[in-house]
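All remarks here apply to the structure that follows.
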Amino acid sequence: MDLYEHQARELFEEHGIVVPRAEVTDSPKEAREIARRLGGRAVVKAQVKTGGRGKAGGIKLAADPAAAELTARQILGMDIKGHTAGTVMLAQPVDIEAEFYVSYVLDRATGGFLAIASTEGGMEIEEVAATRPEAVARIPVDPAEGVTSAKAAEIAAAAGLPPQTVDVLVRLWEVLVREDALLVEVNPLVRTRQGRLLALDGKVTLDDNARFRQARWGAQQDEHHDPLEAVAAARGLTYVKLDGEVGIIGNGAGLVMSTLDVVAGCGARPANFLDIGGGASAQVMADGLSVILSDPAVTAVLVNVFGGITACDAVADGIVQALDTVRLTKPLVVRLDGNNAARGRAILADRAHPLIQQATTMDDAADRAARLAAA
Ligand code: GDP
Ligand code: MN
C-alpha cells in the first residue's frame with residue numbers, strides 16, 4: 001500500500017528525520033487557520049498517491065492565510081493523473097538552497113535493496129535518471145547488514161551528497177525496516193539557506209504482507225480507480241485492468257505474467273488479469289470469472305492454471321459452478337495442467353458448454369484466445 005505524503009512525513013518525523021511543520025485538512029476555511037498557525041505563508045499540497053503534483057498544479061505557495069484558503073479551494077477536488085485530491089497539506093515554506101534525492105527500494109532481482117541517491121533531486125529526477133544516469137548513484141544494500149553510518153557515508157560519497165546527509169540516510173533505512181516498507185523515498189531532501197536538512201516530500205510503499213504487524217494502518221487500503229478492481233479486492237483477488245480484449249485468469253503471479261507475454265506474442269492484447277493465487281477454491285474461481293466477465297472490453301477469456309496446491313479439478317469445478325451464477329456470453333479457453341489435470345479436463349468435457357474449449361499447452365491456449373478475441 002502506498003501512503004500519502006502526510007503519512008510518510010509522519011513516519012519520517014517519528015524516526016528523527018526533520019520535516020517542515022505541516023497540517024492536513026479537507027476544508028478551505030481550516031486551511032486559512034492552519035496557514036495562520038504556520039506564520040501566514042504556506043505551501044498548499046494536494047494529497048494524492050501519485051508523483052508529479054508540482055507540475056500538475058497540485059502544489060502552490062500561498063502568501064497569506066486568505067490566499068491559503070483560496071488555494072486550498074482550488075486544489076481540493078482537483079484531479080491529478082486520475083487521483084482526486086480529497087485533502088491538502090499545508091506546510092511551512094522553506095528557503096531551498098539545494099534539492100537532493102534519496103531512496104531505498106526493494107530490488108527483487110538481487111534479493112536485496114538498492115539505495116538510489118542524487119544531488120539533482122526535485123521535480124526533474126526522472127528526466128535526470130533517463131538523460132544522465134551517471135548523476136544518479138545506485139548502491140546495493142545487503143538487507144542483513146543494513147545501512148550503518150559507514151554504509152550511509154559510502155552512499156553519500158557515491159552520489160556526491162554532503163556528509164550532513166549520512167544521518168538522514170541511516171534514519172531513512174530505519175523507517176524502511178521498522179515500518180515494513182518496500183520503498184522509502186525523499187524527493188526533495190533539501191538543504192535550506194540556513195544550512196538545515198529537511199525532507200520536503202516523501203513517498204512510502206508498505207509491504208502488504210506485513211500488514212498484520214503494522215496495526216496503525218487498520219483497514220486502510222489503496223484507492224481503486226477501476227470499480228472492478230475494488231470488487232476484486234473486496235473478494236481478496238488480485239485484479240488489474242489493462243487496455244486490450246483478452247481476459248486472463250491464472251494462478252500465481254509468475255504464471256499470470258508469462259500468460260500476458262504469450263498472449264501479446266500471439267498478437268492480442270490482454271484486457272486485464274486476475275491472479276487467483278495458490279490454494280484457490282472453486283468459489284474463488286467462480287468469483288474470478290464473474291469479475292473478468294463483467295469487464296465490457298473482454299471479448300474472450302483465457303484461463304491458464306498450473307495445478308499445484310490448487311488442484312485442476314477444483315478449478316474446473318469452479319468454472320462449472322460459475323456457469324450457474326454468471327451467464328457466459330464470451331468464449332472461454334481453458335488450459336489445465338499439473339495436479340489433477342486429467343480430472344479437471346474431464347469435468348469440463350462433461351459439462352460440454354458450447355463456449356468453452358480446452359487447450360493442452362499455454363501457447364495453444366493463448367493462440368486460440370487471441371483468435372477468438374479478434375473474431
Ligand atoms: P511532487 O511534485 O509531487 O514531487 O511534490 P513535491 O512536494 O516534491 O514538490 C515539488 C517541488 O515544489 C519541490 O521539488 C520544490 O521545488 C517545491 N517546493 C515544495 N515545497 C516547497 C517549499 O516549502 N519551498 C519552496 N521554495 N519550494 C517548495
Ligand atoms: Mn517530490
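A short reminder: the numbers here are calculations on the coordinates, not readings from a lab. Nothing here was measured: the structure is a model prediction, and the numbers come from that model. Here the Cβ positions follow ideal geometry from the backbone for every residue, glycine too, while neighbour counts run over all protein chains shown.
Within the shell of other residues whose beta carbon sits under 12 angstrom from the beta carbon of HIS15, the net charge comes to -3, with Lys and Arg scored +1 and Asp and Glu -1. The calculated pair-distance distribution of the range 165-262 uses every alpha carbon pair, bins of 10 angstrom beginning at 0, and gives 12, 29, 28, 20, 9, 2 percent. So what is log10(I(q)/I(0)) for the chain at q = 0.08, 0.09, 0.11, 0.15 1/Å, when the Debye sum runs over its Cα atoms only? Ignoring solvent entirely, the Cα scatterers give -0.54, -0.66, -0.88, -1.17.
Quick one: net charge around LYS241, please, counting Lys, Arg +1 and Asp, Glu -1 for every other residue with C-beta under 10 Å from its C-beta.
In short, -4.
Counting only DSSP beta bridges whose two residues both lie in the chain, roughly 70 percent are antiparallel.
Take ALA342, project a point 7 Å from its Cα along the Cβ direction, then tell me which residues of the range 290-318 have their backbone nitrogen under 15 Å from it. Under cut-off, by backbone N: 312-313. A full extension of the chain between ASP2 and THR50 corresponds to an added length of 16.4 nm, given 0.36 nm per residue minus the alpha carbon distance.
Projected onto their three principal axes, the Cα atoms of the range 96-216 cover extents of 42, 30, 28 Å, largest first. Residues GLU69, GLU145 in ascending order of nearby Cβ atoms (within 10 Å, fewest first): GLU145, GLU69. The modelled label-to-label distance between ARG178 and ALA144, using points 7 Å beyond Cα along the C-beta direction, is 2.5 nm. Among LEU302, LEU106, LEU323, the largest mean-square fluctuation in a Gaussian network model of the chain (Cα springs under 10 Å) belongs to LEU323. Here's how it looks for ILE80: its modeled amide H is under 5 Å from those of ALA85, which are all 5 or more places away or on a different chain. Helical runs (DSSP H, four residues minimum) scored at -39500 (n - 2.57) apiece and divided by the length of the chain put the mean residue ellipticity at 222 nm at -11000 deg cm²/dmol.
The mean sequence separation of alpha-carbon pairs under 8 Å and at least six residues apart, normalised by the residue count of the range 21-91, gives a relative contact order of 46 percent. Relative contact order, whole percent, for the range 96-216 stands at 28, derived from Cα pairs under 8 Å and 6 or more residues apart. Which entries in LYS49/LYS241; LYS60/LYS241; LYS45/LYS151; LYS81/LYS330; LYS29/LYS241; LYS60/LYS203 show an alpha-carbon gap greater than 30 Å? Beyond 30 Å between Cα atoms: LYS60/LYS241; LYS45/LYS151; LYS81/LYS330; LYS29/LYS241. Scalar couplings 3J(HN,Hα) for the range 317-333, obtained by applying the Karplus form with A = 6.51, B = -1.76, C = 1.60 to θ = phi - 60°, are 4, x, 5, 4, 4, 4, 5, 6, 9, 10, 7, 6, 10, 10, x, 10, 9 Hz; x denotes Gly and Pro. For the chain, the relative contact order works out to 12 percent when only alpha carbon pairs closer than 8 Å and six or more residues apart are counted.
Please compute the net charge surrounding TRP173, taking Lys and Arg as +1 and Asp and Glu as -1 over other residues with Cβ under 12 Å from its Cβ. Here the count lands on -2.
For the pair ALA210 and THR361, the difference between a 0.36 nm per residue extended length and the Cα-Cα distance amounts to 50.7 nm.
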